[in-house]
């Protein structure tokens with residue numbers, strides 16, 4: 001029932017904030033994995049079952065665009081939806097991400113509700129059968145922290 | 001510097017601080033005199049470069065108290081639970097978010113590429129030197145003055 005989530009961001013504090021936001025969103029979380037760049041994310045994918053990836057674009061070693069390219073080109077990973085959480089908000093970059101197959105796009109700065117809404121949307125599209133048993137999205141008392 | 005660009009910089013930084021850190025910035029549109037400025041006990045510095053059609057960099061100088069305050073708000077934890085590494089990481093991420101968001105607004109075609117931000121304790125902070133810079137932006141906060149310097153074409 002629960003979803004295994006991977007967050008890739010070179011900022012440890014941003015990973016912690018995203019984790020907290022996801023936990024408060026009501027999405028049932030199984031395992032929560034973290035990576036500081038695309039290379040580390042690939043290593044996590046090779047060794048764990050992951051249901052959704054939340055990734056920054058601007059990271060050292062391997063950035064988010066390269067990670068996305070690797071994911072969609074790999075038969076084992078291409079089923080995994082990838083959502084960008086990033087400051088890179090130019091139309092060109094967003095179009096490129098869309099063309100490569102990104103499942104969602106969240107611009108920093110963000111409010112928790114945005115992550116929640118897009119995460120639900122992406123998970124619902126990818127895992128309709130598992131989302132059917134989840135509480136409905138909406139008035140749940142807010143997500144302030 | 002173009003007035004519209006200055007305004008966009010003021011608005012973008014204010015939005016980042018309010019949305020992510022629940023911290024309000026009051027832009028100082030006129031630079032106060034040196035006598036009017038209270039210099040904090042210590043500062044953190046973050047630098048981020050961008051390259052492309054135009055190239056340049058932004059330097060952020062945050063009073064220690066402000067840096068700790070936004071880290072506490074960002075992580076949603078008690079002040080005693082915040083360590084130096086988290087503060088430096090938050091200061092770095094602030095530069096990343098602020099300038100990344102700014103480039104998205106002034107460069108919709110994505111011709112400019114953002115570098116990786118760096119942060120450190122600003123041991124050589126000099127208000128006199130910064131006040132002489134043409135690309136200086138100042139913001140009042142509840143924890144002292146935030147200094148932002150733009151250097152570029």
* Do the conditions hold for residue A:80, that is, is it more than 14 Å from chain B (Cβ to nearest Cβ), under 15 Å from the mean Cα position of the chain (by Cα) and surrounded by fewer than 21 Cβ atoms within 10 Å (Cβ to Cβ)? -> yes
* In the stretch A:24-34, is there at least one residue being modelled with pLDDT of 95 or more, surrounded by 16 or more Cβ atoms within 10 Å (Cβ to Cβ) and in a helix (DSSP H, G or I)? -> no
* Structure fact -> The condition from (1) modelled with pLDDT of 95 or more; (2) facing another protein chain (nearest Cβ under 8 Å); (3) exposed (fewer than 15 other Cβ atoms within 10 Å of the Cβ) that residue B:93 misses is numbered (3)
* To do: For the stretch A:1-46, name all the residues that are more than 14 Å from chain B (Cβ to nearest Cβ) and out of contact with any helix residue (DSSP H, G or I) (no Cβ under 8 Å at 6 or more places or on another chain).
  => A:2, A:4, A:28, A:30, A:31, A:39, A:40, A:43, A:44, A:46
* Working only within the stretch B:70-90, note down all residues that are facing another protein chain (nearest Cβ under 8 Å) and under 19 Å from residue A:110 (Cα atoms). => B:71, B:74, B:75, B:76, B:89, B:90
* To do: Can you give me the number of residues within the stretch A:88-113 that are surrounded by 14 or more Cβ atoms within 10 Å (Cβ to Cβ) and part of a helix (DSSP H, G or I)?
  => 6
* Asked: Can we say residue A:116 is touching a helix residue (DSSP H, G or I) at 6+ places or on another chain (Cβ under 8 Å) and either under 18 Å from residue B:107 (Cβ atoms) or free of Cβ contacts under 8 Å to residues at least 24 places away in the same chain (or both)?
  -> no
* Asked: Counting just the residues of the stretch B:8-25 that are touching a strand residue (DSSP E or B) at 6+ places or on another chain (Cβ under 9 Å) and within 20 Å of residue B:133 (Cβ to Cβ), which one comes out nearest to the other protein chains (Cβ to nearest Cβ)?
  -> B:13
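Please pick out the residue among A:50, A:57, A:85 that is within 12 Å of chain B (Cβ to nearest Cβ) and part of a loop (DSSP other than H, G, I, E, B).
The conditions single out A:57.
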* Criterion violated by residue A:62 - all others in (1) at pLDDT 95 or above; (2) within 18 Å of residue A:10 (Cα to Cα); (3) within 14 Å of the chain's Cα centre (by Cα) satisfied -> (3)
* **the stretch B:103-140: number of residues that are within 14 Å of chain A (Cβ to nearest Cβ) and in a loop (DSSP other than H, G, I, E, B)** => 9
* **Checklist (1) more than 29 Å from residue A:21 (Cβ to Cβ); (2) in contact with a helix residue (DSSP H, G or I) (Cβ under 9 Å, 6 or more places away or on another chain); (3) within 14 Å of chain A (Cβ to nearest Cβ) applied to residue B:53, failing item** => (2)
* To do: Give just the number: which of (1) part of a loop (DSSP other than H, G, I, E, B); (2) within 14 Å of chain A (Cβ to nearest Cβ) does residue B:41 not satisfy?
  => (2)
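The values are calculated or read from the model by the stated rules, or taken from the named source; none is laboratory data. Note that this is a predicted model, so its numbers are computed, not measured. In this analysis, Cβ positions are derived from the backbone assuming ideal geometry, glycine residues included, and neighbour counts consider all displayed protein chains.
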